[in-house]
Each structure stands twice: as C-alpha cells, then as structure tokens.
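Enquirer: Attaching a single structure in structure tokens format; questions to follow.
The values are calculated or read from the model by the stated rules, or taken from the named source; none is laboratory data. This is a predicted model, so every value here is computed, not measured. Don't worry about glycine lacking a Cβ; one is built from the backbone with ideal geometry, like all the others, and counts go over all protein chains shown. Ligands, DNA and RNA are excluded from the accessible area calculation, which covers all protein heavy atoms including side chains. Shrake-Rupley method; radii C 1.70, N 1.55, O 1.52, S 1.80 Å.
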Amino acid sequence: MADYKALKSRGEQLAARDWNMPALEARIKKLVDEGIPRKTLARNEILANRQIIQDRVQRRAEEYYCILKNCTQGTALALMEEFGLGNMDIIKALTPFPGIGGTGQTCGGISGSLIAIGLYFGGNDRLDVEATGTTFMNAQKFMAAFENEMGHRLCAEIHEHVLFGRNMDPGASENHMAAFAQAKGFEKCSLATGTGARLTAECIIDSMA
C-alpha cells in the first residue's frame, strides 16, 4: 500500500539533492561513445550483493533521468548498464515513451523497466513461447509491485496524487514544460524511475535465486 506522505517527502529530498551534472554528462557521453559494456552475470556474486545492486541501480536511474530529462530512458539505461543488456540504439528508440508520447499515460518508470525485463527474460529465440510466458509473468509481478509502492501506474496520476497535487502535463506545451522544470519536476519524478529500476533489479535477482 502506497505511503503518499513518505513518497512526497522522498520527492522533496530528491528536489533538494546536489546533482553533479558534469559528472553525469561525462558518464552518458562514455556510454554513447563506448556502448553498454557486456557482462557475464555471476549468480552467486549477484545474490550476495543484492542490496548493493538494488541501491546502485536505483541511484543511477534517478541520476540518468535527471540528466537525460527522459524517465523511460533513465530507467532503462540504469538497468541495461547494470545487467549488460541491449545497446544505446534501444535508448534512442525510447525517446517518445515518457507518459506514452507525453500524454500522461504509463509512467516511464514502468515502460523503461519493461524494456529491461524484455531484454533479460525474453530470450534470443523468437519461437520460444516459454520465454514469452516467463517475461509476461515477471512483467506482471513488477507492475503489481510498482503500483503497490507508488499507488499508481499513470504519469498524470503520479503527478496529481503523489508529487505535485496536480497533473503538470509537461508534454502539452513549452510553457507546461517550463513550469514542470521550475517545480523541480525532473528531480522529483526521479522517484518513479528509481523505484521502477530497483523493483526490476529485485525481480531479476529473484529469478536467479
């Protein structure tokens, strides 16, 4: 059950954080230039460091959203980097996904997480129906956990009921976007990206156990 008071407080803490933008920009440029590093996932090591990994991926999803100004990209990139998934072309393709084209629909903390879930659980054989079923089950598990923690799945509802008291609707116009930025929207909304990334990392790690 969502604790709205605690969520709003966390959003305010994120708004007040000292974000090291030059360092974040350098990290993004390195990923663009060098690509997402491939990884051999060591099951025992990951299980032993579960909390460290979840904390790290949450922090990175918050930071990547704040520098990229795109919640879906920030969430997906943090997870893809952590688990060695996909490439930067996928991140490019996610450009219009926040709120589903900026319409206030599905939160980017969800859509970015679902991309990572698909990359991890989907398998390489497109005829592997079992992998598709496994992906769906993990997607539903994640979405239920996200809604339980954040209270909502839709961008507009998270704005209204969790963070701002109203739907900021930043995709509606340049003026709306400017008001969103002035209200520390990119910082506060990183609450959703960090939550999505952490819950997805938990889902992936649970599957290894």
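Enquirer: So which lysines pass the test for K29, namely a Cα distance under 20 Å, with those fewer than 8 places away in the same chain ruled out?
Expert: Cross-link targets: K39, K69, K92.
Enquirer: Using unit Cβ charges (K, R positive; D, E negative) and no other charged atoms, how large, in debye to the nearest 20, is the dipole of the range 1-99 about its Cα centre?
Expert: 120 debye
Enquirer: At what distance in nm do the modelled label points of S173 and E25 sit from each other, each positioned 7 Å from its Cα along Cα→Cβ?
Expert: That separation, rounded to one decimal, is 3.0 nm.
Enquirer: Continuing with the same structure: Roughly to the nearest percent, how much of the accessible area of the chain is carbon and sulfur, given a 1.4 Å probe?
Expert: Exposed carbon and sulfur together represent 53 percent of the surface.
Enquirer: Can I ask one more? Placing unit charges on C-beta atoms (Lys and Arg positive, Asp and Glu negative, everything else neutral), compute the dipole magnitude of the chain about its Cα centre in debye, rounded to 20.
Expert: About 280 debye.
Enquirer: Here is a further query. At 222 nm, what value in deg cm²/dmol follows for the chain if DSSP H runs of at least 4 each add -39500 (n - 2.57) and the sum is divided by all its residues, to the nearest 500?
Expert: -21500 deg cm²/dmol
Enquirer: Nearest 10 degrees, 0 to 90: what angle lies between the long axis of helix 4-16 and the longest principal axis of the chain (Cα atoms)?
Expert: 80 degrees
Enquirer: In whole percent, what relative contact order does the chain give with Cα contacts below 8 Å and a gap of six or more residues?
Expert: Relative CO of the chain lands at 32 percent.
Enquirer: Could you sort V162, V129 by their accessible area in this structure, using a 1.4 Å probe and putting the largest first?
Expert: V129, V162
Enquirer: In the chain, with Lys and Arg counted as +1 and Asp and Glu as -1 at Cβ, which of these residues, V129, C203, Q58, has the Cα nearest the positive end of the dipole, that is, farthest along it?
Expert: Of the listed residues, the answer is Q58.
Enquirer: Where only protein heavy atoms count, and the probe is 1.4 Å, what is the accessible area per residue for the chain in Å²?
Expert: With the other protein chains kept in place, the chain gives 50 Å² per residue.
Enquirer: Between T95 and A6, what is the spin-label point distance in nm, taking each point 7 Å from the Cα along the Cα→C-beta axis?
Expert: Result: 3.9 nm between the two label points.
Enquirer: Label-point separation (nm) for E130 and D33, each offset 7 Å from Cα along Cα-to-Cβ?
Expert: In this crude spin-label approximation the distance works out to 4.4 nm.
Enquirer: Let me ask you something else. What's the angle, to the nearest 10 degrees (0 to 90), between helix 129-150's Cα axis and the longest principal axis of the chain?
Expert: On a 0 to 90 degree scale, this one is about 30.
Enquirer: Need one value: the accessible area of M177 in square angstrom, 1.4 angstrom probe, rounded to the nearest 10.
Expert: The value for M177 is about 80 Å².
Enquirer: Sum up the charges of everything whose Cβ sits under 12 Å from the Cβ of A179, counting Lys and Arg as +1 and Asp and Glu as -1, but leave A179 out.
Expert: My count for the surroundings of A179 gives 0.
Enquirer: Less than 14 Å Cβ to Cβ from A144, Lys/Arg counted +1 and Asp/Glu -1: what total charge do the surrounding residues give?
Expert: Summing Lys and Arg as +1 and Asp and Glu as -1 gives -2.
Enquirer: Continuing with the same structure: I need the fraction of alpha carbon pairs in the chain separated by more than 32 Å, rounded to a whole percent.
Expert: Of the Cα pairs, 13 percent sit more than 32 Å apart.
Enquirer: Hey, got the dipole for the range 111-209? About the Cα centre, +1 on K and R Cβ, -1 on D and E Cβ, debye to the nearest 20?
Expert: Computed about the Cα centre, the dipole is about 200 debye.
Enquirer: What figure in square angstrom, to the nearest 10, would you give for the accessible area of S207 with a 1.4 Å probe?
Expert: Approximately 60 Å² for this residue.
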